[in-house]
1. In the Gaussian network model of chain A, springs joining C-alpha atoms below 10 Å, which of A:GLU114, A:GLU31, A:GLU67 carries the largest mean-square fluctuation?
2. Can you give me the distance in nm between label points at A:ASP10 and B:ASN160, each placed 7 Å from the Cα along the Cα-to-Cβ direction?
3. Could you work out the equivalent-ellipsoid semi-axes for the range A:17-80, taking the square root of 5 times each eigenvalue of the Cα gyration tensor, largest first, in whole Å?
4. What are the extents of the Cα atoms of the range B:127-285 along their three principal axes, listed from largest to smallest and rounded to whole Å?
5. Mind checking Rg over Rh on the range B:38-161, alpha carbons, Kirkwood formula for Rh?
6. Using DSSP, restrict attention to beta bridges with both residues in the protein assembly as shown and report what percent are antiparallel, rounded to the nearest 5.
7. Name the residue farthest towards the positive end of the dipole of chain B from the options B:LEU17, B:THR213, B:TRP229, assuming +1 on Cβ of Lys and Arg, -1 on Cβ of Asp and Glu, about the Cα centre.
8. In degrees between 0 and 90, to the nearest 10, how far off the longest principal axis of chain B does helix B:173-200 point, with axes built from Cα atoms?
Amino acid sequence: MQDAPEIVIDLNDSTPVNRQIVDYLRALLVEGVLQPGAALPSVRRLAIDLGVHFNTVADAYHTLADEGWLDISHGRRITVRKRRRPSADDATQNTFRQRLRQLIAEMRAAGLSESWISRELTSIAKGIQS
Amino acid sequence: MRPSTLFLLCTLGALTLLLHYLPLFSRRGLWFAITVEPDFRDTPPGRRPLHYYRLMIWAASLIAAMMLVASDRFGADAAPALAFLLQTGCAIGAFAWARRLVRPYAIAPPAKRMASLSSSQEGLPGGFLNLLPVAVLVAAALYLRANWERIPDRFPKHWNFDGVPDAWAERTFWGVYGPLLTGVLLIVFILTLGYGIIHGSPRTRTVDSAKWTGRFRRASLRLLLAAAWSLSGLFAAISLLPLMAADSRLPNVAILAPFAMLVILAPFAYQLVRVGLEAGSGTDGTPDSAWKLGQIYFNPSDPAILVTKRFGLGYTLNFGNRVSWFVIGLLLLAFAVAQII
């Protein structure tokens, strides 16, 4: 039997915990680790396991539901939805271009080479099947 | 020496041994309820608190044993209670002292938290079979009902150490079915506790102890269920005593039942201890500051109702959670109702 995927958060990270949960789950969803139809633990279960407030987990699940990844209908199990890939308009492309630019600037400032950054970006983009 | 004194001395000895080894049963990343490096307990500053703790335990136990022997000789009735009180008080003091010695070596609990994304519904091992202990008690009640006329009007319900009855019950509803009802309450309490562990305690939490926590949960649940099964046998045997105690002497079954219970529980307790001693138990991910006196967990920001104990084996309530107080209230209510009835 295949082990269920796991989520890891860092309480010392400056990113809020609900955002960490969203980012981690979104990565698993985009990579296809969590397939449509797969069920996720309840808000209560995940909050107890991570030791964070129920609202933190509920907020993260709502964000992903708003993005179209999860079905969180009341009284039902939280499941992964089949999501149609949205077409990115110019504004969206510009937003991500700006974010990438900032990230790459940080990487360069930390001493990483152009070729290394390029290789990593290509490898990550190829590894993700959305 | 009276048999009762001998029994009390054996109990005192068993408790002393338990207290001697109890610190070793905690997670490797905890020492006297303080978060430390996993190998801290094997270092000289780690061994020193254990040494002092054990010294105090054995000194207190020796004094308590002398009190028991003196009470046997001079007949001081309050001495046995005082002896056990002394041992308990000194154990609490020894633990607090050892904890103070460990505190300077405390480290922050791991900031990384991990959880499984499995949504599978856990259940008690054995499923519906866990209702059988209650069914055994119901069967005993039906047997008593069918043999109501054979039950003496007055029958012994407690015996002293010489096997002579020192308390009696009458053939009434509560007199006959009382032990069965107590058994049902205890079994329901145990099954509720098991349910609480499954649904109200973390399956994982820290990255360094995820697998161990799973094994510990399973071992704890098996021990609980074994307790429910053996209690059902014990209370069924006790409830049938009025049909056996024809000559009012203590029937053999009453002596054998508690021993049988211990024999049934021993392998499950051993398994729990073995898991407790395993490497890879890491830490529990709870802050040291939330552990009052190192034993009472009070953390309103933790949604868990039950967490693993920091001293000893098993689970303890999170007193910072309102559900815990609701459970305590229900237990007190059940106890009060039982007393009134």
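1. Of A:GLU114, A:GLU31, A:GLU67, the most mobile in the Gaussian network model is A:GLU114.
2. 7.0 nm
3. On the way: eigenvalues 56, 37, 23 Å².
Three semi-axes, in Å: 17, 14, 11.
4. On the principal axes, the range B:127-285 reaches 63, 32, 21 Å in Cα extent.
5. Values: Rg = 26.0 Å, Rh = 21.3 Å.
When Rh is taken as the Kirkwood radius, the ratio is 1.22.
6. On the way: 22 of 23 bridges.
Taking every DSSP beta bridge with both residues in the protein assembly as shown, the antiparallel ones total about 95 percent.
7. Final value for the positive-end residue is B:THR213.
8. The angle comes out near 20 degrees.
No lab work stands behind these numbers, since they all come straight from the coordinates. Since the structure is predicted, the reported quantities are computational estimates derived from the model, not experimental observations. Neighbour counts are summed over all protein chains in view; Cβ atoms, including those assigned to glycine, are modelled from backbone coordinates with ideal geometry.
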